[in-house]
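Enquirer: To start, I am sharing the structure in question, which I have written as structure tokens.
The values are calculated or read from the model by the stated rules, or taken from the named source; none is laboratory data. All values reported here derive from a predicted model rather than from experimental measurement. Reconstructed Cβ throughout: ideal geometry from the backbone, glycine too, with neighbour counts over all protein chains shown.
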There are 2 protein chains.
Amino acid sequence: MSLRLTRPQFRNFSTKFDKFELYGGRPIPANKQRLIPTSGSYPKGFNVGSTRAGIKPAGNVQPDLLIVASDTPASGAAVLTKNEFCAASVTVTRELMRRTNGARLRGVIANSGCANTLTGQAGLDDAIAMGRVAAKCISTGTADKGSSLMVMHTGAGAQRLPIDNVLHHIPKLAQSMGNTHDHWLEAAVALSTTDTYPKLISRTFSLPSAPQINFSLAGLTKGAGMVHPNMATTLGIICTDAPITPTALQILLRGAASKSYNCISIDGDTSTNDMVTMFANGAAASSSQPAVDVSPEPSADFVALQHVLSGFMSDMAKLVVRDAEGASKFITIRVRGSPSYDAAHHIASVIARSVLWKTGIYGLDPNWHGILAALGYSLLDTSFAGQGIIIPEQTSVSFMDGREAVKFLDRGVPVPVDEARIKQMMEKEDLETIVDLRYGTSQDITREEAVYWTCDMTHDFISMNSGVDFS
Amino acid sequence: MSLRLTRPQFRNFSTKFDKFELYGGRPIPANKQRLIPTSGSYPKGFNVGSTRAGIKPAGNVQPDLLIVASDTPASGAAVLTKNEFCAASVTVTRELMRRTNGARLRGVIANSGCANTLTGQAGLDDAIAMGRVAAKCISTGTADKGSSLMVMHTGAGAQRLPIDNVLHHIPKLAQSMGNTHDHWLEAAVALSTTDTYPKLISRTFSLPSAPQINFSLAGLTKGAGMVHPNMATTLGIICTDAPITPTALQILLRGAASKSYNCISIDGDTSTNDMVTMFANGAAASSSQPAVDVSPEPSADFVALQHVLSGFMSDMAKLVVRDAEGASKFITIRVRGSPSYDAAHHIASVIARSVLWKTGIYGLDPNWHGILAALGYSLLDTSFAGQGIIIPEQTSVSFMDGREAVKFLDRGVPVPVDEARIKQMMEKEDLETIVDLRYGTSQDITREEAVYWTCDMTHDFISMNSGVDFS
């Protein structure tokens, strides 16, 4: 495979990004500053803009309205929350996708500071107006039926958007558009709510059919910071200048989301506003370059892109977990030796939701008994129950200490451990635990692995979500 | 129906039970003292004993070994955890039930201080020995093949029972047996781990076929206090002197458990040791009284007992929630207007697991948006998905303030609320929220309701389960 991946923005890992020493009035935590890029490689033909439209409370200095748009009609795809009480943005975007099948879209307009949930028809009308007015404002003259922009909201629920403010600021938003690193970074700021740092990554890659071309991928996302009234929302916007058909793009996005955004858990609650979208405009392609497609069968480019996008979106999703509310640890859960990816993924998701385990981790206890307790009930009442997937006598549990595995349970038998070493390991910010099911006895069985990312459960989480302060 | 229910132990609601001002060295919280009975009506022909066998750490003054046994062979039933990493006690009891079908059992021996999980064959042998030696010790001469006692453990996991201590103390345990209130209360103490108060209730009832007879029910249970290493365990032991066949008893117990112990959530983790058992010896029946049976069809007595037992076990389960780790609120969740009990029960269980909602409650925020967010994702990936059970425009959410409902959402529309009144309501220890789905449009549809009990999520919960102290 002729993939070349570069991560220019991570060259300056240790560089402090002065602009963000203060973020929404708060200092950026020292261990987060390395996650803010100082440069990037952004896709051609996309422009982003952001402005303060007075959606966030007065006194907040951050921008709260942003637009990400392709100069030319692009393929668009979206993965939307299935929450029944979804925000107006989700309904509007779902309808847009139904109407267009993702063809000839321009991008997305998004706001922070207001989730526009439980606002009924009036809220829907606001979301539609926001998308239409912005689309008209950036229109290149082509007569559009309806909008060509998706809509995203995040923020406080059950309150109306200050729609007059929003519409009033859209021309200013359009004027602010550009394609520099600062434009992208400022948009990441505008997407934030209680995030402690802006979340932006970019990357270049090539495709087998055009190894000489450097395509770019850029992604904005937002963390699961608390949003009054206590709903955490994840949003993601991904752009590439590679050419991809709408159908292929939707399949690529859904597949990569299932291995990234669907593999993270902060607190186990699925938001009403969650949305990850992607746009591909082909602006970096030569005129003879065919669009990446899945029909009649997945091309080599499609397969290459699957790989690139899964890695890219995993990095985006991990940025979200690294900003989990009040968390002190970044935890990777690896479930292996499973008869299927889906069973491993489900087990990992249950462990990642175990409040007791995650609270133990906060106390620097690897709490491997807690992992086993969660493992032990993980498949109850699921379609995987009763298939002998979990067999205590086959199960091993370990943590990774650097490159070395520290075993706690080996095929059902507890292993004596070196307390001093465990203590040292648990003091690190990044932890990784491996649960090996060792399903089946035959050498021939293909055993699958799933990875999940989560965090610990802390006093600070409780303080942030209850408003009760202990410190 | 000729049911007469008396709750003699609650006559002295306000009486402080001096013996338990200190409990395991800690003072009993003032709001918990009223939950400790000062008298009771205990079933005939049952004797209980307890002793300190050195299972709990040295310095702990509480008894840690108990026995509850019928003088004569009794019907026995058990509901056992389905956790794959179950304790030795669960395996041993499951095997006992398989071998005997619940006929001619004597009762249960239980210990606190050691969960006997992950201890392999040696741990199984310990549990078997504990049951056999105790059964022999209380034997009335009938030659038993194997044990006639169930076994229960709770406490720290992944460590062996000090089995020599246990076996050595069994004769003393047998000698300690009796049927006074103090015997029962002391046994409830012995069943406790980090409970802040002992959990015991009793009640009298009559059956339609013998309205002149006062039968008794007594129940011991233990709270979901943290048990190192962070597994919460619920155990329950219920005895009655009514005559019930083993088959009927198992059906009664399972049915009542589904409406009581299966309707509580503290932290969402299912323990490796959970077990609720019941014994019926018929000692209060006249010689002509037939045993309550379900064959050829459920008798009037069976139906009456269903009602009694569900209420009784709900009270036991609520005692567990009232002692939830670090909790400051006792919350009732009522989901109504559902096409089925099972769907309502599932929705209630998901709301009861919402960490964000429960943390908001701790901050005295009714956080009804959090309820809707949880409701909105509650049926995803379940067999209830896609049936139109949750329709935002039909949904109402309210809290009960005394006997009056305070509406937050009325058929999908937010209702303005009186902040001062909400504040007053939220300061109460007991809260109740009602989610009305208003499924279907026809007047003829039977709509079902499910009730769940849970608590808030607090800084103290995090402190107890992490060992990190903030106060």
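Enquirer: Among the candidates B:Ile238, B:Ile163, single out the residue that is within 30 Å of B:Ala300 (Cβ to Cβ) and of a type in the set (A, V, I, L, M). Write out each step before concluding.
Expert: Working: B:Ile163 fails: within 30 Å of B:Ala300 (Cβ to Cβ).
Within the list B:Ile238, B:Ile163, the selection yields B:Ile238.
Enquirer: Let me ask something else. For residues that are modelled with pLDDT of 90 or more and out of contact with any Ser or Thr (no Cβ under 8 Å at 6 or more places or on another chain), scanning just the stretch B:218-242, find the one that is nearest to the other protein chains (Cβ to nearest Cβ).
Expert: If we take residues in the stretch B:218-242 being modelled with pLDDT of 90 or more and out of contact with any Ser or Thr (no Cβ under 8 Å at 6 or more places or on another chain), then B:Leu220 is nearest to the other protein chains (Cβ to nearest Cβ).
Enquirer: Scanning the stretch B:363-384 for residues that are out of contact with any Gly (no Cβ under 9 Å at 6 or more places or on another chain) and in a helix (DSSP H, G or I), which turns out farthest from the other protein chains (Cβ to nearest Cβ)?
Expert: Applying the filter and picking the extreme gives B:Ile371.
Enquirer: Inspect the stretch A:124-138 for any residue being in a loop (DSSP other than H, G, I, E, B), surrounded by 19 or more Cβ atoms within 10 Å (Cβ to Cβ) and more than 14 Å from chain B (Cβ to nearest Cβ) and give the result as yes or no.
Expert: Narrowing the stretch A:124-138 to residues in a loop (DSSP other than H, G, I, E, B): A:138.
Checking the rest, the ones that are also surrounded by 19 or more Cβ atoms within 10 Å (Cβ to Cβ) come to A:138.
Subset that is more than 14 Å from chain B (Cβ to nearest Cβ): A:138.
Yes; the residues of the stretch A:124-138 include at least one that is in a loop (DSSP other than H, G, I, E, B), surrounded by 19 or more Cβ atoms within 10 Å (Cβ to Cβ) and more than 14 Å from chain B (Cβ to nearest Cβ).
Enquirer: Mind counting the residues in the stretch A:294-316 that are within 15 Å of A:Thr240 (Cβ to Cβ) and either surrounded by fewer than 20 Cβ atoms within 10 Å (Cβ to Cβ) or not charged (D, E, K, R) (or both)?
Expert: So the count comes out to 13.
Enquirer: Please enumerate the residues belonging to the stretch B:413-434 that are in a strand (DSSP E or B) and at pLDDT 95 or above.
Expert: As a first pass, look at the stretch B:413-434 and keep what is in a strand (DSSP E or B): B:413-414, B:430-434.
Once the filter is applied, which keeps residues that are in a strand (DSSP E or B) and at pLDDT 95 or above, the stretch B:413-434 yields B:Asp430, B:Leu431, B:Glu432, B:Thr433, B:Ile434.
Enquirer: Separate question: Of everything in the stretch B:113-136, what is in contact with a Leu (Cβ under 6 Å, 6 or more places away or on another chain) and closer than 14 Å to B:Leu173 by Cβ? Give them in sequence order.
Expert: B:Gly131, B:Val133, B:Ala134, B:Ala135
Enquirer: Name the residues in the stretch B:390-412 that are part of a loop (DSSP other than H, G, I, E, B) and at the interface with chain A (Cβ under 9 Å from one of its Cβ atoms), would you?
Expert: B:Ile390, B:Ile391, B:Thr395, B:Gly412
Enquirer: So, of the residues in the stretch A:435-464 that are of a type in the set (Val, Ile, Thr) and assigned to a strand (DSSP E or B), which turns out to be surrounded by the fewest Cβ atoms within 10 Å (Cβ to Cβ)?
Expert: Taking the candidates together, the pick is A:Val451.
Enquirer: Which one of B:Lys172, B:Lys145 is of a type outside the set (Gly, Ala, Ser), modelled with pLDDT under 95 and either surrounded by fewer than 20 Cβ atoms within 10 Å (Cβ to Cβ) or within 26 Å of B:Ile28 (Cβ to Cβ) (or both)?
Expert: Checking each option against the conditions leaves just B:Lys145.
Enquirer: Can you tell me which residues in the stretch B:70-98 are in contact (Cβ under 8 Å) with a residue 60 or more places away in the chain and charged (D, E, K, R)?
Expert: Correct list: B:Asp71, B:Lys82.
Enquirer: Check the stretch A:318-327 and report whether any residue there is under 16 Å from A:Leu253 (Cα atoms) and in the same structural domain as A:Ser206 (by TED's automatic domain parsing).
Expert: Just the residues of the stretch A:318-327 that are under 16 Å from A:Leu253 (Cα atoms), to begin with: none.
So far as the stretch A:318-327 goes, no, none of its residues is under 16 Å from A:Leu253 (Cα atoms) and in the same structural domain as A:Ser206 (by TED's automatic domain parsing).
Enquirer: B:Ser147: outside any loop (DSSP other than H, G, I, E, B), in contact with a Gly (Cβ under 7 Å, 6 or more places away or on another chain) and over 30 Å from A:Leu375 (Cα atoms), yes or no?
Expert: In short, no.
Enquirer: Could you tell me whether B:Ile422 is within 14 Å of another protein chain (Cβ to nearest Cβ) and farther than 30 Å from A:Val355 by Cβ? I'd like the intermediate steps shown before the answer.
Expert: Working: within 14 Å of another protein chain (Cβ to nearest Cβ): yes; farther than 30 Å from A:Val355 by Cβ: no.
Criteria not met by B:Ile422.
Enquirer: Pick from A:Asp381, A:Asp323: which is among the acidic types (Asp, Glu) and touching a residue at least 60 places away in the same chain (Cβ under 8 Å)?
Expert: Only one candidate qualifies: A:Asp323.
Enquirer: From the set of residues in the stretch B:249-262 that are under 25 Å from B:Trp184 (Cβ atoms) and hydrophobic (A, V, I, L, M, F, W, C), which is surrounded by the most Cβ atoms within 10 Å (Cβ to Cβ)?
Expert: If we take residues in the stretch B:249-262 being under 25 Å from B:Trp184 (Cβ atoms) and hydrophobic (A, V, I, L, M, F, W, C), then B:Leu249 is surrounded by the most Cβ atoms within 10 Å (Cβ to Cβ).
Enquirer: So, in the stretch B:175-207, of the ones that are in a helix (DSSP H, G or I) and acidic (Asp, Glu), which residue ends up surrounded by the fewest Cβ atoms within 10 Å (Cβ to Cβ)?
Expert: B:Asp182
Enquirer: Let me ask you something else. So, in the stretch B:376-404, exactly how many residues are loosely packed, with under 14 Cβ neighbours inside 10 Å and either modelled with pLDDT of 95 or more or over 30 Å from A:Ala385 (Cβ atoms) (or both)?
Expert: Counting residues in the stretch B:376-404 that are loosely packed, with under 14 Cβ neighbours inside 10 Å and either modelled with pLDDT of 95 or more or over 30 Å from A:Ala385 (Cβ atoms) (or both) gives 4.
Enquirer: For the stretch B:78-102, how many residues are in contact with a Ser or Thr (Cβ under 7 Å, 6 or more places away or on another chain) and of a type outside the set (S, T, N, Q)?
Expert: Total satisfying the criteria: 9.
Enquirer: With the condition kept exactly as written, say whether any residue in the stretch A:420-432 is in contact with a helix residue (DSSP H, G or I) (Cβ under 6 Å, 6 or more places away or on another chain), touching a residue at least 24 places away in the same chain (Cβ under 8 Å) and closer than 26 Å to A:Gly311 by Cα.
Expert: No, there is no match, as no residue in the stretch A:420-432 is in contact with a helix residue (DSSP H, G or I) (Cβ under 6 Å, 6 or more places away or on another chain), touching a residue at least 24 places away in the same chain (Cβ under 8 Å) and closer than 26 Å to A:Gly311 by Cα.
Enquirer: Can you name every residue in the stretch B:317-359 that is more than 13 Å from chain A (Cβ to nearest Cβ), among the small types (Gly, Ala, Ser), crowded, with 24+ Cβ neighbours inside 10 Å and not in a helix (DSSP H, G or I)?
Expert: The answer is B:Ser338, and nothing else.
Enquirer: Say we look at the stretch B:435-471 and pick out the residues that are of a type in the set (Gly, Ala, Ser) and at negative phi; which of these is modelled with the highest pLDDT?
Expert: B:Ala450
Enquirer: With A:Ala352, A:Ala343 as the choices, which residue is farther than 23 Å from B:Ala324 by Cα, touching a Phe, Trp or Tyr at 6+ places or on another chain (Cβ under 6 Å) and among the small types (Gly, Ala, Ser)?
Expert: None of the others qualify; the one that does is A:Ala343.
Enquirer: For B:Gln33, state whether it is out of contact with any strand residue (DSSP E or B) (no Cβ under 9 Å at 6 or more places or on another chain) and either surrounded by 24 or more Cβ atoms within 10 Å (Cβ to Cβ) or of a type outside the set (Val, Ile, Thr) (or both).
Expert: Yes: the conditions hold for B:Gln33.
Enquirer: Got a number for residues in the stretch B:85-108 being surrounded by fewer than 21 Cβ atoms within 10 Å (Cβ to Cβ) and within 22 Å of the chain's Cα centre (by Cα)?
Expert: Count: 3.
Results for (1) at pLDDT below 95; (2) not small (Gly, Ala, Ser), shown as yes or no for each residue.
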site	(1), (2)
B:Ile266	yes, yes
B:Ala284	no, no
B:Ser288	yes, no
B:Glu297	yes, yes
B:Phe302	no, yes
B:Leu319	yes, yes
